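Colleague: I'd like to ask some things about the structure below.
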Amino acid sequence: MRYSLVEANVRFSGVSLSTLLDRAVPNASARFISFTARSARGHSTSLRLADARVLPVLVALAVDGAALDEARGGPVRIVVPQRYFYKSVKWLESIELLAEDRLGYWESTAGYHNRGDVWCEERYASGESSKSEVDAILAQRDLSNRRRAELAGGGARSGGTRRPAGSASGCRLRGCQLRRACFDRSNLSNARFEGADLRDASFRDADVEGADFSGADLRGAIFIGASLFGTSFGVGDRVDESGRMTQMNARTQIEPAAVDQLTPDQQALVLALLHATRE
């Protein structure tokens, strides 16, 4: 049965994955489904079989009425709605049903989230570090050269309360006590630091693009060499959702070139905060 769906503003058509699964009749032990590409690296990804049944996953053969060309993943590719597009494997070579999950290329090498639910903003990995491993990292106050995946999935201490590091945009370190922590050269894009105590923390040469520092205490924090495209330091009234004020002072170090990377409203906010004199 041919089937079509619109994804990324184009119309793909082909065969519903559910139709193929019905004909294949997976055995009771199958809980995951893996897709592998005919590529130099053998790119692959996986889905929970239950998710693959619920989502309108398509084995695509055509796009906008024409056969899929190589650039768009032809002659056959997977299209997975409601998941990030790294789950939509191009140049499909094989489909496997698995009893145990197998991480795909992007999930295992780049820290991409294994489920990738767009509605939960599951862009980056979680669950790859145990709580004890993450606690040890945070206790050292040295997170330099860390990947996102190494900081997600465990626990972070904040005011004596254990908070999950989370599974949404990068690391979730909301409200954490991270005074004097070292994040130098870390990849922390899209990390969530709302309300965190980051006094005298160091982000030298770190990638914090898209990170959220709303309501964080950044007095004495160092952002020399940091990449700040899309970074947020708060909304118009300088507070996070809990009403906490974002704080900076004369010791907070952000280079003018980095401030220029911010949106105009964020530039104005940061410049105002940097000139604050109160501790």
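Colleague: Scanning the stretch 28-46 for residues that are in contact (Cβ under 8 Å) with a residue 60 or more places away in the chain and exposed (fewer than 14 other Cβ atoms within 10 Å of the Cβ), which turns out farthest from residue 89 (Cα to Cα)?
Modeller: Of all residues in the stretch 28-46, those in contact (Cβ under 8 Å) with a residue 60 or more places away in the chain come to 29-36, 41-46.
Next, only the ones that are exposed (fewer than 14 other Cβ atoms within 10 Å of the Cβ) stay: 29, 41-42.
Values: 29: 24, 41: 12, 42: 10 Å.
Here the residue is 29.
Colleague: If you don't mind, another one. Looking only at residues that are more than 18 Å from residue 234 (Cα to Cα) and modelled with pLDDT of 85 or more in the stretch 171-188, which one is surrounded by the most Cβ atoms within 10 Å (Cβ to Cβ)?
Modeller: 183
Colleague: Among 49, 21, which is the only one that is surrounded by 13 or more Cβ atoms within 10 Å (Cβ to Cβ), touching a Pro at 6+ places or on another chain (Cβ under 9 Å) and at pLDDT 90 or above?
Modeller: Sole residue among the options that is surrounded by 13 or more Cβ atoms within 10 Å (Cβ to Cβ), touching a Pro at 6+ places or on another chain (Cβ under 9 Å) and at pLDDT 90 or above: 49.
Colleague: Residue 44 passes all but one of (1) modelled with pLDDT of 90 or more; (2) out of contact with any strand residue (DSSP E or B) (no Cβ under 9 Å at 6 or more places or on another chain); which number fails?
Modeller: So the condition that residue 44 fails would be (2).
Colleague: Within the stretch 72-91, can you find the residues that are in contact with a Phe, Trp or Tyr (Cβ under 7 Å, 6 or more places away or on another chain) and closer than 13 Å to residue 46 by Cβ?
Modeller: 78, 86, 89
Colleague: Within the stretch 196-211, work out how many residues are modelled with pLDDT under 90 and surrounded by 23 or more Cβ atoms within 10 Å (Cβ to Cβ).
Modeller: Residues in the stretch 196-211 being modelled with pLDDT under 90 and surrounded by 23 or more Cβ atoms within 10 Å (Cβ to Cβ): 3 in total.
Colleague: Among the residues of the stretch 83-124, how many are modelled with pLDDT under 90 and not basic (Lys, Arg)?
Modeller: Number satisfying all stated conditions: 23.
Colleague: Within the group 225, 236, which residue is farther than 25 Å from residue 119 by Cα and modelled with pLDDT of 90 or more?
Modeller: From the options 225, 236, the qualifying one is 225.
The values are calculated or read from the model by the stated rules, or taken from the named source; none is laboratory data. These numbers come from a predicted model, not from an experiment. Here Cβ is always computed from backbone atoms with ideal geometry, including for glycine, and neighbour counts include all displayed protein chains.
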